[in-house]
């Protein structure tokens, strides 16, 4: 019963003498209990309203986390597909160890030893290198979630006098080689806005420059696929 009408009915009944006092007291107690329950319900509703922004914020965070997870799955699937395609198309080069594929977490690196791509002191891609790069380009041109850094590296040997006329130091040579590879990838259909040229010179060795074998490993071009991460909005 509505509290207002309950109170009026109780008061009217008592005034008219229609009910005994104890019944009135019972009605009054019921009225107070009902009022207390209503006040409690109002307090709970106010608390829920106060928590609403927090709930909405948590929901937005969960929705974003779910979206980020789906995007991460898409990137990983894309990387796996590119790796599998290159493993099939570059089988002979991989068997001959002129090309190496390495995957670490969400990054894939394709390493070319220099002898398949360039003659000593040259930045002109050799025929065998052209064919191998075209196979790589076929696996890269449809990537939508990855950027591609082409990194040129040299050993620590000083540039020869004949070569120095065109490439004074290993900086120029390593940059020219990575640029040549990037241009070819672009010509083969890899989007230019995904490509980056990096010249590492002699400063990022992967082996000991004291031996010919080590120097040969250091003279390399690496094509590094890494995820495109969206910039955070303010």
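Summary of computed values
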| item | result |
| --- | --- |
| Cα-based helix-to-principal-axis angle, 127-140 vs the chain, degrees rounded to 10 | 10 |
| Rough spin-label spacing in nm, given labels placed 7 Å along Cα→Cβ, for residue 100 and residue 141 | 2.9 |
| Fewest-first ranking of 86, 202, using other Cβ atoms within 10 Å as the exposure measure | 202, 86 |
| With Cα atoms, 0 to 90° folded angle of helix 3-16 axis to the chain main axis | 10 |
| Percent of beta bridges antiparallel (DSSP, the range 90-227, rounded to nearest 5) | 80 |
| For the range 90-227, the fraction of alpha-carbon pairs in successive 10 Å shells from zero, as % | 12, 45, 34, 8, 0 |
| Relative contact order (percent, whole number), the range 58-122, Cα cutoff 8 Å, 6+ residue spacing | 21 |
| Mean separation of Cα contacts under 8 Å, 6 or more apart, over the residue count of the chain: relative contact order % | 20 |
| The chain pair-distance distribution - Cα-Cα, 5 Å bins, rounded % | 1, 6, 10, 12, 11, 8, 6, 4, 4, 3, 3, 3, 3, 3, 3, 3, 3, 3, 3, 3, 2, 2, 1, 0, 0 |
| Per-residue Cβ neighbour rank within 10 angstrom, fewest leading, 175, 216 | 216, 175 |
| Helix-only CD estimate at 222 nm, as mean residue ellipticity for the chain, using -39500 (n - 2.57) per DSSP H run (n ≥ 4) | -19500 deg cm²/dmol |
| Förster radius 35 Å - calculated FRET efficiency between residue 60 and residue 35, Cβ distance, rounded to 0.05 | 0.35 |
| Ranked list, fewest to most other Cβ atoms within 10 Å of each Cβ, for 203, 118 | 203, 118 |
| Acute angle (nearest 10 degrees) that the helix 170-187 long axis makes with the longest principal axis of the chain, alpha-carbon atoms | 70 |
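Quick note: the coordinates plus some simple rules give every number you see, no bench work behind them. Everything numeric here is computed off the predicted structure, so don't read it as measured data. Cβ: placed from backbone, ideal geometry, glycine included. Neighbour counts: every protein chain shown.
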